[in-house]
Amino acid sequence: MNKLLKPTDVFLDLEKGIILNLKPLVRKLSDLKVFFFETSVVENMLASGLNPIIYEVYECLQPENEGELNFGTTILYPGKVGGEYYFTKGHYHLRHDASEVYLGLKGDGIILLQSKTGDVKVESLKARKVVYVPSGWGHRTINVGDETLIFFFVYPSNAGHDYEAVEKQGFSKIVLEQNGKSKIVDNPKFANKG
Ligand code: S6P
Ligand code: ZN
């Protein structure tokens, strides 16, 4: 039997997406160097002193006991690197039976989902939209709008995150701005290692 945890509560600022009294995890361009398609654009930006914040995560972490849940918010800023919209690194859960729920709060986004066997699924993410990410699907969120994309998430606290697979293999699709619109195209750098 797991130790009985004390119930906790937090306040969420729905406008800003922040969880009060929590320190966010901040991801800057330099943390995402290898994830963007146009590596040379990233290098030039960093060399000229530009290192914008791409996203922030406010997370209420629980002990990794079976049955407990982590939850929080992600604030993904608008912007592009070359033609590619800002995104989260993206990951698979280390536990293959760990699913996740996303609730859009603000902005205009896309969730790219892919399985290790080559299935791909694309979902839009916006205010009031709930997306269920079943176990086994890698997931990355992209901000394709002009304003900040904010969403709430909840997933098993013992899920674990596998970023390495995404770092090595990438996502099979990337999202680019073309003629003022978002376009999902094949990622030429995708290494289909199965
Ligand atoms: C965790 C959940 C989100 C992401 C967050 C940042 O399972 O999917 O909290 O962690 O949106 O994305 P990433 O890919 O950098 O963890
Ligand atoms: Zn996740």
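The values are calculated or read from the model by the stated rules, or taken from the named source; none is laboratory data. Here the structure is a predicted model, which means the values were calculated and not measured. Here the Cβ positions follow ideal geometry from the backbone for every residue, glycine too, while neighbour counts run over all protein chains shown.
When Tyr92, Tyr86, Tyr77 are screened for being under 24 Å from Leu25 (Cα atoms), of a type in the set (Ser, Thr, Tyr), more than 16 Å from ligand 2 (Cβ to nearest atom) and in contact with a helix residue (DSSP H, G or I) (Cβ under 9 Å, 6 or more places away or on another chain), only Tyr86 passes.
Among the candidates Lys168, Lys126, single out the residue that is more than 13 Å from ligand 1 (Cβ to nearest atom), closer than 24 Å to Leu29 by Cβ, of a type outside the set (Ser, Thr, Tyr) and in contact with a Lys or Arg (Cβ under 9 Å, 6 or more places away or on another chain). Every option except Lys168 fails the conditions. In the set His161, His91, only one residue is surrounded by fewer than 18 Cβ atoms within 10 Å (Cβ to Cβ) and touching a residue at least 24 places away in the same chain (Cβ under 8 Å); that residue is His161.
One residue alone among Gln169, Gln178 is touching a residue at least 12 places away in the same chain (Cβ under 8 Å), among the polar types (S, T, N, Q), more than 13 Å from ligand 2 (Cβ to nearest atom) and under 23 Å from Ser99 (Cα atoms), and that residue is Gln169.
Picking from residues in the range 94-106 that are without any contact (Cβ under 8 Å) to a residue 60 or more places away in the chain and away from ligand 1 (no atom under 13 Å from the Cβ), the one that is nearest to Val42 (Cα to Cα) is His96.
Filtered by the rule that a residue be over 15 Å from the mean Cα position of the chain (by Cα) and part of a loop (DSSP other than H, G, I, E, B), the range 97-133 gives Asp97, Ala98, Lys116, Thr117, Gly118, Asp119, Ala127, Arg128, Lys129.
Counting only residues that are among the β-branched types (Val, Ile, Thr) and part of a loop (DSSP other than H, G, I, E, B), which one in the range 1-52 is nearest to Phe171 (Cα to Cα)? Among residues in the range 1-52 that are among the β-branched types (Val, Ile, Thr) and part of a loop (DSSP other than H, G, I, E, B), the one nearest to Phe171 (Cα to Cα) is Val34. Inspection of the range 83-92 identifies at least one residue that is within 12 Å of the chain's Cα centre (by Cα), more than 23 Å from Leu61 (Cα to Cα) and assigned to a loop (DSSP other than H, G, I, E, B).
Of the residues making up the range 134-149, those that are closer than 16 Å to Glu100 by Cα and either in a strand (DSSP E or B) or of a type in the set (S, T, N, Q) (or both) are Ser135, Trp137, Gly138, His139, Arg140, Thr141. The C-beta contact set for the range 60-86 (first residue more than 17 Å from Val41 (Cα to Cα) and at pLDDT 95 or above, second residue in a strand (DSSP E or B) and of a type in the set (Gly, Ala, Ser), distance under 8 angstrom, 6+ apart or interchain) comprises Cys60/Gly72; Leu76/Gly109. Is it the case that Gly107 is at positive phi, at pLDDT 95 or above, of a type in the set (Gly, Ala, Ser) and more than 15 Å from ligand 2 (Cβ to nearest atom)? It is true that Gly107 is at positive phi, at pLDDT 95 or above, of a type in the set (Gly, Ala, Ser) and more than 15 Å from ligand 2 (Cβ to nearest atom). Among the residues of the range 65-73, is there at least one that is within 16 Å of ligand 1 (Cβ to nearest atom), within 28 Å of Ser172 (Cα to Cα) and in a helix (DSSP H, G or I)? Checked the range 65-73: no residue is within 16 Å of ligand 1 (Cβ to nearest atom), within 28 Å of Ser172 (Cα to Cα) and in a helix (DSSP H, G or I).
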